[in-house]
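Single-structure report; data block below.
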Amino acid sequence: MTPQDSLWLHHQINLFNAEYAAALDEKRYADWPDFFVPDGRYLVQARENFDRGLPLALMRLESQGMMRDRVHGVTQTIYHGPYYMRHVVSPACGLALEADGQTLRAQANYAVFRTKPGSVSEVFNVGRYIDTFVQTDVGWRLRERRCVYDSEMILNSLIYPI
Amino acid sequence: MTPQDSLWLHHQINLFNAEYAAALDEKRYADWPDFFVPDGRYLVQARENFDRGLPLALMRLESQGMMRDRVHGVTQTIYHGPYYMRHVVSPACGLALEADGQTLRAQANYAVFRTKPGSVSEVFNVGRYIDTFVQTDVGWRLRERRCVYDSEMILNSLIYPI
Amino acid sequence: MTPQDSLWLHHQINLFNAEYAAALDEKRYADWPDFFVPDGRYLVQARENFDRGLPLALMRLESQGMMRDRVHGVTQTIYHGPYYMRHVVSPACGLALEADGQTLRAQANYAVFRTKPGSVSEVFNVGRYIDTFVQTDVGWRLRERRCVYDSEMILNSLIYPI
């Protein structure tokens with residue numbers, strides 16, 4: 001990768017990750033599937049399983065349709081105690097552009113804080129995004145985002161996407 | 001916004017936010033008002049109020065003069081238990097440059113950790129900066145920074161600016 | 001520093017810091033000394049001591065050889081309860097390039113979260129990196145990284161580098 005590519009791609013992915021976080025944290029869940037391509041995959045997986053190559057994941061959604069279904073479930077049907085999320089995401093690393101220039105791999109560390117009504121903010125989930133982006137007419141979109149989390153004990157349950 | 005603008009502005013705002021955090025975390029409070037224009041506004045507001053369009057804010061300072069007054073109060077007159085702050089701020093998002101090229105809107109997620117003497121570090125305040133920057137002779141300065149925090153229960157009280 | 005330099009250096013250092021964090025968080029400890037030059041220095045120091053100009057540091061390693069020795073100790077000989085680390089690092093600030101263009105000073109705020117098996121993630125150590133980079137054939141490498149931490153009470157003990 002040329003230094004020029006590295007500069008541009010780093011900027012684009014860091015901005016993407018910040019926009020992605022803002023959509024979730026502001027509860028604009030309907031916008032969330034649009035960060036993916038139509039056949040995009042979203043996984044939330046324990047580090048323990050990821051490191052051993054085991055397939056089990058806490059959440060595995062294999063298309064925008066499944067993501068929209070999840071959003072519907074989260075916002076319309078699942079009974080759960082409400083909470084705010086706040087993502088703090090580091091600049092990305094591990095940028096690798098495939099030869100066709102249309103597929104990009106990247107990683108980024110994240111911390112998600114949860115705040116329940118009337119309570120203090122807590123560390124909710126920390127880990128890394130392991131991503132594959134593809135170039136589209138509207139910029140980079142996720143073909144796959146794998147959220148590999150360190151936090152083996154998920155505080156209560158994980159309702160919203162990470 | 002052109003890709004070139006996006007690249008430059010993102011760099012400038014990310015650097016600004018890091019310098020702002022460093023000034024507060026290193027207790028260089030006298031430098032803090034200089035991140036604003038003379039008639040700049042600084043607000044610290046609960047997300048609950050912000051989301052409903054309610055005006056109540058925990059802190060509302062409407063000029064550099066009021067900020068200097070606050071700094072004087074914090075450093076000279078308010079009796080409080082000392083603590084360290086540490087800001088971790090994500091890359092910015094939501095960049096929008098007005099037509100004149102002199103006014104820029106942006107957001108960034110932050111987490112502030114507090115450490116009291118002899119104690120462990122805690123999550124103190126998490127939220128987002130909602131900012132309006134204006135171009136000046138010395139670069140971008142804040143016309144308004146609104147710190148909208150998730151943390152409804154502020155650990156003890158909030159003494160220093162966020 | 002020209003705006004062009006600022007843009008490039010900020011990109012390079014932010015990427016460096018993210019790669020550094022990824023190596024530690026993924027337990028690729030053998031890679032860690034390579035982020036330094038052969039006679040590089042690594043210190044972990046309490047803010048209280050740093051602010052007063054006192055020399056005492058929790059960890060002080062004065063060459064890659066000492067770092068490799070530490071890595072050997074951590075991975076082969078020290079008996080300790082295992083834990084995961086996760087770094088979230090802000091974009092850098094305080095960039096200052098020396099006249100020869102080969103030495104760069106920078107800072108960055110970090111938060112490190114710790115997760116012990118079967119437990120929730122905790123705030124482990126927060127502070128700032130105070131760095132001196134030098135230009136090498138393979139890009140910027142650390143001549144010195146000083147981790148100045150706010151957290152006076154280190155949860156249990158600090159085993160892995162920060």
Inset, instruction - Being farther than 23 Å from B:Ala108 by Cβ and basic (Lys, Arg) narrows it down to one of A:Arg47, A:Arg28, so name that one. - result: A:Arg47
Legend entry - Residues (open to solvent by less than 20 Å² (accessible area, probe 1.4 Å), under 19 Å from B:Arg52 (Cα atoms) and not in a loop (DSSP other than H, G, I, E, B)) located in the range B:138-162: B:Arg145, B:Cys147, B:Val148, B:Tyr149
Legend entry - Members of the range B:83-125 found to be away from chain A (no Cβ under 11 Å) and within 15 Å of the chain's Cα centre (by Cα), listed by number: B:Met85, B:Arg86, B:Arg105
Legend entry - strands (runs of 3 or more DSSP E) contained entirely in the range B:39-134, each with at least 1 residues that are open to solvent by 20 Å² or more (accessible area, probe 1.4 Å) and touching a Gly at 6+ places or on another chain (Cβ under 7 Å): B:103-115
Legend entry - Scope the range B:6-16; condition farther than 17 Å from A:Glu19 by Cα and touching a residue at least 12 places away in the same chain (Cβ under 8 Å); matching residues: B:Gln12, B:Phe16
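Scan the range B:1-30 for residues that are over 20 Å from C:His11 (Cβ atoms) and either open to solvent by 60 Å² or more (accessible area, probe 1.4 Å) or within 11 Å of chain C (Cβ to nearest Cβ) (or both) and report the count.
Qualifying residue count, the range B:1-30: 7.
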Inset, instruction - Evaluate the range A:66-79: report whether one residue or more is within 13 Å of the chain's Cα centre (by Cα) and closer than 28 Å to C:Ala22 by Cα. - result: no
Inset, instruction - Examine the range B:38-50 for a residue that is modelled with pLDDT of 95 or more and within 14 Å of chain C (Cβ to nearest Cβ), and state whether such a residue exists. - result: no
Inset, instruction - Evaluate the following for B:Arg128: is it in contact with a Ser or Thr (Cβ under 7 Å, 6 or more places away or on another chain), charged (D, E, K, R), closer than 18 Å to B:Leu9 by Cβ and within 14 Å of chain A (Cβ to nearest Cβ)? - result: no
Inset, instruction - Return yes or no: is B:Asp34 assigned to a strand (DSSP E or B), open to solvent by 30 Å² or more (accessible area, probe 1.4 Å) and over 28 Å from A:Lys116 (Cα atoms)? - result: no
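The values are calculated or read from the model by the stated rules, or taken from the named source; none is laboratory data. Treat the numbers as computed from the prediction; the structure is a model and nothing was measured. Neighbour counts run over all protein chains shown; Cβ positions are idealised from the backbone, glycine included. Quick note on the areas: whole protein, heavy atoms, side chains included, nothing else; ligands and nucleic acids left out. Shrake-Rupley method; radii C 1.70, N 1.55, O 1.52, S 1.80 Å.
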